[in-house]
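What follows is calculated from the coordinates using simple rules that are stated; it is not laboratory data. Predicted, not measured: the structure shown is a model, and the values here were computed from it. Every residue, glycine as well, gets a Cβ built from its backbone with ideal geometry; the counts of neighbours run over all protein chains shown.
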């Protein structure tokens with residue numbers, strides 16, 4: 001299983017773009033699970049502090065920091081393929 005956690009903010013266009021990219025990728029990665037956490041919640045604030053996230057979305061893959069902001073499908077593919085090997 002590949003778990004991607006998005007720490008997002010309400011009305012964030014970058015967050016919507018990244019989520020749409022991930023949803024599209026579910027066709028190629030059937031074990032992909034997407035979790036979205038609102039950064040204004042207590043849980044969201046704890047993750048922002050823990051990983052020093054400065055822009056949204058903050059992106060964790062399998063509970064490890066991966067990136068923040070927009071990530072391309074190619075960047076996700078590279079990471080997902082590394083995890084499968």
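Can you find, within the range 67-85, the residue that is surrounded by the most Cβ atoms within 10 Å (Cβ to Cβ) among those that are under 10 Å from the mean Cα position of the chain (by Cα) and without any contact (Cβ under 8 Å) to a residue 40 or more places away in the chain?
Across the range 67-85, the extreme among qualifying residues is 68.
Checked against (1) within 10 Å of the chain's Cα centre (by Cα); (2) surrounded by 13 or more Cβ atoms within 10 Å (Cβ to Cβ), residue 45 passes all but a single condition, namely (1).
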